[in-house]
Amino acid sequence: NLRSTAPPPAYVGIDNYLRILQNNIVIVNFDFLRVLIFNLWWAFSNVIIQVILGVLIALVLNTPGLWLKRFYRAIYIIPVAIPPIIVATIWRNMFDPTNGAINFLIDIIFRLPPGGFNLDWLNQPNPILEAGAFVLPLAYFALLTANIWLGWPLNSVVATGALQSIPNDLYEAAEMDGAGAWAKFRTVTLPYLRPAMLPFAIYGFVITFNLFYLSYFMSGGGPFGQTELLVTIAYRLVNEQQLYGVAAAFAIFQFFILLAITLVTNRLVSATSQFDA
(Lines give C-alpha, C1' and ligand atoms only; values in the text may rest on other atoms or scores of the structure.)
Protein backbone atom coordinates (compact mmCIF):
# COMPACT_ATOMS: atom_id res chain seq x y z
CA ASN A 1 0.00 0.00 0.00
CA LEU A 2 1.81 3.09 -1.27
CA ARG A 3 -0.66 5.61 0.25
CA SER A 4 0.89 7.68 2.99
CA THR A 5 0.14 10.89 4.89
CA ALA A 6 3.83 11.51 5.58
CA PRO A 7 5.55 14.41 3.79
CA PRO A 8 7.48 13.52 0.63
CA PRO A 9 11.11 12.49 1.21
CA ALA A 10 13.98 14.82 0.50
CA TYR A 11 15.87 14.61 -2.77
CA VAL A 12 18.69 12.07 -2.32
CA GLY A 13 20.61 12.45 -5.59
CA ILE A 14 22.70 9.36 -6.31
CA ASP A 15 22.61 7.99 -2.75
CA ASN A 16 20.49 4.98 -3.77
CA TYR A 17 23.02 4.02 -6.45
CA LEU A 18 25.85 4.34 -3.92
CA ARG A 19 23.98 2.17 -1.43
CA ILE A 20 23.87 -0.61 -4.01
CA LEU A 21 27.51 -0.33 -5.02
CA GLN A 22 28.58 -0.14 -1.37
CA ASN A 23 26.39 -3.16 -0.50
CA ASN A 24 24.51 -1.08 2.05
CA ILE A 25 21.31 -3.12 1.76
CA VAL A 26 19.76 -5.31 4.46
CA ILE A 27 19.55 -8.52 2.40
CA VAL A 28 21.25 -11.73 3.48
CA ASN A 29 24.85 -11.87 2.27
CA PHE A 30 24.24 -9.17 -0.35
CA ASP A 31 27.23 -8.31 -2.49
CA PHE A 32 26.45 -6.64 -5.81
CA LEU A 33 29.58 -7.89 -7.60
CA ARG A 34 29.10 -11.46 -6.36
CA VAL A 35 25.44 -11.51 -7.42
CA LEU A 36 26.34 -10.11 -10.85
CA ILE A 37 29.12 -12.66 -11.45
CA PHE A 38 26.91 -15.53 -10.32
CA ASN A 39 24.04 -14.24 -12.49
CA LEU A 40 26.25 -14.12 -15.59
CA TRP A 41 27.69 -17.57 -14.88
CA TRP A 42 24.20 -18.95 -14.23
CA ALA A 43 22.89 -17.72 -17.59
CA PHE A 44 26.00 -18.71 -19.56
CA SER A 45 26.31 -22.25 -18.15
CA ASN A 46 22.62 -22.98 -18.61
CA VAL A 47 22.52 -21.84 -22.22
CA ILE A 48 25.67 -23.75 -23.22
CA ILE A 49 24.36 -27.04 -21.83
CA GLN A 50 20.83 -26.51 -23.15
CA VAL A 51 22.05 -25.77 -26.68
CA ILE A 52 24.43 -28.74 -26.78
CA LEU A 53 21.86 -31.14 -25.34
CA GLY A 54 19.10 -29.81 -27.59
CA VAL A 55 21.23 -30.21 -30.73
CA LEU A 56 22.36 -33.73 -29.76
CA ILE A 57 18.80 -34.91 -29.13
CA ALA A 58 17.60 -33.26 -32.36
CA LEU A 59 20.34 -35.10 -34.25
CA VAL A 60 19.31 -38.42 -32.71
CA LEU A 61 15.61 -37.87 -33.47
CA ASN A 62 16.47 -36.78 -37.01
CA THR A 63 17.94 -40.20 -37.76
CA PRO A 64 16.24 -41.68 -40.86
CA GLY A 65 14.00 -44.64 -40.04
CA LEU A 66 13.77 -43.96 -36.30
CA TRP A 67 10.53 -45.35 -34.91
CA LEU A 68 8.05 -43.10 -33.08
CA LYS A 69 10.09 -39.93 -33.62
CA ARG A 70 6.93 -37.80 -33.74
CA PHE A 71 5.85 -39.28 -30.42
CA TYR A 72 9.21 -38.46 -28.84
CA ARG A 73 9.06 -34.90 -30.15
CA ALA A 74 5.58 -34.47 -28.69
CA ILE A 75 6.68 -35.84 -25.30
CA TYR A 76 9.81 -33.72 -24.82
CA ILE A 77 7.91 -30.46 -25.34
CA ILE A 78 5.76 -31.14 -22.24
CA PRO A 79 8.09 -29.29 -19.78
CA VAL A 80 7.50 -26.05 -21.67
CA ALA A 81 3.73 -26.33 -21.13
CA ILE A 82 3.93 -26.75 -17.33
CA PRO A 83 3.41 -23.53 -15.30
CA PRO A 84 6.69 -22.25 -13.82
CA ILE A 85 5.53 -22.31 -10.19
CA ILE A 86 4.64 -26.00 -10.54
CA VAL A 87 8.05 -26.75 -12.07
CA ALA A 88 9.85 -25.01 -9.18
CA THR A 89 7.71 -26.74 -6.55
CA ILE A 90 8.12 -30.23 -8.01
CA TRP A 91 11.90 -29.92 -8.39
CA ARG A 92 12.21 -28.46 -4.88
CA ASN A 93 10.38 -31.51 -3.52
CA MET A 94 12.54 -33.84 -5.63
CA PHE A 95 15.66 -32.40 -3.97
CA ASP A 96 14.20 -32.74 -0.46
CA PRO A 97 16.89 -34.30 1.80
CA THR A 98 14.64 -36.91 3.45
CA ASN A 99 11.80 -37.67 1.04
CA GLY A 100 13.11 -36.39 -2.30
CA ALA A 101 13.34 -38.55 -5.41
CA ILE A 102 16.96 -37.50 -6.14
CA ASN A 103 18.40 -38.86 -2.90
CA PHE A 104 16.15 -41.92 -3.20
CA LEU A 105 17.54 -42.59 -6.70
CA ILE A 106 21.11 -42.27 -5.41
CA ASP A 107 20.26 -44.81 -2.69
CA ILE A 108 19.13 -47.25 -5.37
CA ILE A 109 22.13 -46.68 -7.65
CA PHE A 110 24.71 -47.15 -4.88
CA ARG A 111 22.65 -49.81 -3.08
CA LEU A 112 22.36 -47.80 0.11
CA PRO A 113 19.69 -48.40 2.75
CA PRO A 114 16.61 -46.17 2.49
CA GLY A 115 17.57 -42.72 3.69
CA GLY A 116 21.27 -43.56 3.55
CA PHE A 117 21.97 -40.60 1.30
CA ASN A 118 20.28 -37.53 2.74
CA LEU A 119 22.19 -34.62 1.25
CA ASP A 120 20.39 -31.28 1.62
CA TRP A 121 20.92 -30.03 -1.92
CA LEU A 122 19.22 -26.66 -1.59
CA ASN A 123 20.49 -25.70 1.86
CA GLN A 124 24.03 -27.09 1.99
CA PRO A 125 25.88 -24.24 3.75
CA ASN A 126 29.36 -24.83 2.31
CA PRO A 127 29.91 -23.77 -1.33
CA ILE A 128 31.37 -26.23 -3.83
CA LEU A 129 33.62 -23.52 -5.25
CA GLU A 130 34.52 -20.14 -3.77
CA ALA A 131 37.07 -17.87 -5.43
CA GLY A 132 36.87 -14.22 -4.48
CA ALA A 133 33.47 -12.90 -5.49
CA PHE A 134 32.60 -16.15 -7.31
CA VAL A 135 30.59 -18.54 -5.13
CA LEU A 136 29.19 -21.80 -6.50
CA PRO A 137 26.98 -23.61 -3.96
CA LEU A 138 25.52 -27.08 -4.27
CA ALA A 139 22.08 -25.50 -4.76
CA TYR A 140 23.37 -24.11 -8.06
CA PHE A 141 23.59 -27.64 -9.50
CA ALA A 142 20.05 -28.40 -8.34
CA LEU A 143 18.78 -25.25 -10.07
CA LEU A 144 20.92 -26.06 -13.11
CA THR A 145 19.40 -29.53 -13.40
CA ALA A 146 15.85 -28.20 -13.20
CA ASN A 147 16.45 -25.44 -15.75
CA ILE A 148 18.23 -27.76 -18.20
CA TRP A 149 15.23 -30.11 -18.06
CA LEU A 150 13.04 -27.10 -18.73
CA GLY A 151 15.13 -25.42 -21.44
CA TRP A 152 16.56 -28.05 -23.76
CA PRO A 153 13.25 -28.97 -25.51
CA LEU A 154 12.87 -25.58 -27.23
CA ASN A 155 16.50 -25.72 -28.30
CA SER A 156 15.81 -29.15 -29.76
CA VAL A 157 12.74 -27.83 -31.61
CA VAL A 158 14.78 -25.02 -33.19
CA ALA A 159 17.60 -27.43 -34.08
CA THR A 160 15.10 -29.87 -35.60
CA GLY A 161 13.73 -27.16 -37.86
CA ALA A 162 17.23 -26.25 -39.01
CA LEU A 163 18.16 -29.90 -39.62
CA GLN A 164 15.07 -30.53 -41.72
CA SER A 165 15.98 -27.56 -43.94
CA ILE A 166 19.31 -29.11 -44.97
CA PRO A 167 19.13 -30.61 -48.50
CA ASN A 168 20.07 -34.28 -48.65
CA ASP A 169 22.09 -33.54 -51.77
CA LEU A 170 24.72 -31.86 -49.62
CA TYR A 171 25.21 -34.97 -47.50
CA GLU A 172 25.38 -37.14 -50.61
CA ALA A 173 27.96 -34.84 -52.19
CA ALA A 174 30.02 -34.81 -48.99
CA GLU A 175 29.88 -38.61 -48.82
CA MET A 176 31.02 -38.88 -52.42
CA ASP A 177 33.97 -36.68 -51.53
CA GLY A 178 34.93 -39.17 -48.82
CA ALA A 179 33.68 -37.21 -45.81
CA GLY A 180 33.05 -39.17 -42.64
CA ALA A 181 30.37 -38.56 -40.02
CA TRP A 182 32.34 -35.83 -38.22
CA ALA A 183 33.36 -34.11 -41.46
CA LYS A 184 29.74 -34.05 -42.66
CA PHE A 185 28.62 -32.59 -39.35
CA ARG A 186 31.33 -29.93 -39.39
CA THR A 187 31.00 -28.88 -43.02
CA VAL A 188 27.28 -29.41 -43.71
CA THR A 189 25.23 -29.67 -40.53
CA LEU A 190 26.96 -27.07 -38.37
CA PRO A 191 26.81 -24.20 -40.91
CA TYR A 192 23.04 -24.71 -41.21
CA LEU A 193 22.57 -24.97 -37.45
CA ARG A 194 24.54 -21.86 -36.54
CA PRO A 195 22.21 -19.20 -38.05
CA ALA A 196 19.24 -20.76 -36.22
CA MET A 197 20.85 -21.66 -32.89
CA LEU A 198 22.91 -18.54 -32.23
CA PRO A 199 19.99 -16.07 -32.10
CA PHE A 200 17.96 -18.52 -30.02
CA ALA A 201 20.92 -19.02 -27.67
CA ILE A 202 21.11 -15.25 -27.21
CA TYR A 203 17.38 -15.14 -26.48
CA GLY A 204 17.79 -18.01 -24.02
CA PHE A 205 20.64 -16.17 -22.30
CA VAL A 206 18.50 -13.08 -21.70
CA ILE A 207 15.56 -15.19 -20.47
CA THR A 208 17.78 -17.24 -18.14
CA PHE A 209 19.52 -14.10 -16.88
CA ASN A 210 16.13 -12.84 -15.65
CA LEU A 211 14.75 -16.24 -14.61
CA PHE A 212 12.93 -15.41 -11.40
CA TYR A 213 10.88 -18.38 -10.32
CA LEU A 214 13.53 -21.11 -9.92
CA SER A 215 15.81 -19.04 -7.71
CA TYR A 216 12.96 -17.57 -5.68
CA PHE A 217 10.57 -20.52 -5.33
CA MET A 218 12.96 -23.46 -5.51
CA SER A 219 15.99 -22.40 -3.45
CA GLY A 220 14.69 -19.14 -2.00
CA GLY A 221 18.00 -17.56 -2.99
CA GLY A 222 19.77 -19.76 -0.46
CA PRO A 223 21.82 -20.94 1.08
CA PHE A 224 22.77 -17.57 2.60
CA GLY A 225 21.87 -15.68 -0.56
CA GLN A 226 24.32 -17.62 -2.74
CA THR A 227 21.78 -18.34 -5.49
CA GLU A 228 20.19 -14.90 -5.58
CA LEU A 229 19.88 -13.30 -9.01
CA LEU A 230 19.60 -9.62 -9.83
CA VAL A 231 15.89 -10.03 -10.54
CA THR A 232 15.21 -11.70 -7.19
CA ILE A 233 17.14 -8.98 -5.36
CA ALA A 234 15.03 -6.32 -7.11
CA TYR A 235 11.87 -8.19 -6.08
CA ARG A 236 12.99 -8.35 -2.45
CA LEU A 237 13.82 -4.64 -2.42
CA VAL A 238 10.25 -3.82 -3.45
CA ASN A 239 8.14 -6.47 -1.75
CA GLU A 240 10.13 -7.26 1.38
CA GLN A 241 12.11 -4.10 2.11
CA GLN A 242 9.73 -1.51 0.60
CA LEU A 243 12.82 0.38 -0.61
CA TYR A 244 11.22 1.72 -3.77
CA GLY A 245 13.93 4.28 -4.52
CA VAL A 246 16.72 1.70 -4.10
CA ALA A 247 14.75 -0.80 -6.19
CA ALA A 248 14.35 1.79 -8.97
CA ALA A 249 18.10 2.45 -8.92
CA PHE A 250 18.73 -1.30 -8.95
CA ALA A 251 16.48 -1.62 -12.01
CA ILE A 252 18.60 1.02 -13.77
CA PHE A 253 21.70 -1.08 -13.10
CA GLN A 254 19.91 -4.12 -14.51
CA PHE A 255 18.92 -2.15 -17.60
CA PHE A 256 22.47 -1.10 -18.41
CA ILE A 257 23.83 -4.60 -17.75
CA LEU A 258 21.29 -6.13 -20.14
CA LEU A 259 21.92 -3.31 -22.63
CA ALA A 260 25.64 -4.15 -22.66
CA ILE A 261 24.87 -7.86 -23.09
CA THR A 262 22.43 -7.07 -25.92
CA LEU A 263 24.97 -4.91 -27.76
CA VAL A 264 27.65 -7.59 -27.48
CA THR A 265 25.33 -10.38 -28.63
CA ASN A 266 23.98 -8.28 -31.50
CA ARG A 267 27.56 -7.75 -32.60
CA LEU A 268 28.10 -11.50 -32.54
CA VAL A 269 24.97 -12.13 -34.61
CA SER A 270 25.96 -9.46 -37.15
CA ALA A 271 29.44 -10.89 -37.43
CA THR A 272 28.02 -14.36 -38.00
CA SER A 273 25.55 -13.20 -40.64
CA GLN A 274 28.30 -11.33 -42.50
CA PHE A 275 30.49 -14.41 -42.37
CA ASP A 276 27.70 -16.59 -43.74
CA ALA A 277 27.04 -14.13 -46.54
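The values are calculated or read from the model by the stated rules, or taken from the named source; none is laboratory data. Worth saying up front: this structure is predicted, and the values here are computed from it rather than measured. Using ideal geometry, Cβ is built from the backbone for each residue, glycine included, and neighbour counts are taken over all protein chains shown. Areas reflect the complete protein model, heavy atoms only, side chains present, ligands, DNA and RNA absent. Shrake-Rupley method; radii C 1.70, N 1.55, O 1.52, S 1.80 Å.
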The range 156-188 to the range 77-139: how many Å between their Cα centroids? 39 Å
Estimate the FRET efficiency between Glu130 and Thr98 by the formula 1/(1 + (r/R0)^6), using the beta-carbon distance for r and 41 Å for R0, to the nearest 0.05. 0.90
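When ligands, DNA and RNA are left out and all protein chains stay put, how many square angstrom of accessible area per residue does the chain have with a 1.4 Å probe? If you can, show how the numbers build up before the last one.
Details: 15950 Å² over 277 residues.
Roughly 58 Å² per residue, with all protein chains present.
For the range 1-105, which trypsin sites (Lys or Arg not before Pro) are in a loop by DSSP, counting at most 15 other Cβ atoms within 10 Å?
Values: sites: Arg3, Arg19, Arg34, Lys69, Arg70, Arg73, Arg92; in loops: Arg3.
Those that pass, being in a loop and sparsely packed, are Arg3.
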With springs connecting C-alpha atoms under 10 Å apart, model the chain as a Gaussian network and identify which of Ala247, Ala179, Ala260 has the largest mean-square fluctuation. Ala179
Largest fluctuation, Val158, Val12, Val51 only, Gaussian network model of the chain with Cα springs under 10 angstrom, belongs to Val12
Read-out volume of the Cα convex hull per residue in Å³, candidates [x] 229; [y] 193; [z] 143; calculated match is [y]
Where does the range 65-142 land on Rg/Rh, using Cα atoms and the Kirkwood Rh? 1.12
Residue-normalised 222 nm signal for the chain, counting each DSSP H run of n ≥ 4 as -39,500 (n - 2.57), nearest 500 deg cm²/dmol, is -20000 deg cm²/dmol
Taking Cα atoms, the helix 244-276 axis meets the longest principal axis of the chain at an angle in degrees (rounded to 10) of 20 degrees
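Which FRET efficiency, nearest 0.05, do Ile106 and Ala248 yield, Cβ-Cβ r, R0 51 Å? Please report the intermediate quantities before stating the final value.
Numbers: r = 45 Å, r/R0 = 0.88.
Calculated value: 0.70.
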Just to be sure I understand the curve: with the Debye formula and one point per C-alpha of the range 214-259, what is log10 I(q)/I(0) at q = 0.24, 0.32 Å⁻¹? -0.85, -1.05
Quick calc, Leu258 & Phe71: beta-carbon distance into FRET formula, R0 30 Å, rounding 0.05, result 0.20
Relative contact order [Cα under 8 Å, 6+ residues apart], the chain, whole percent: 26 percent
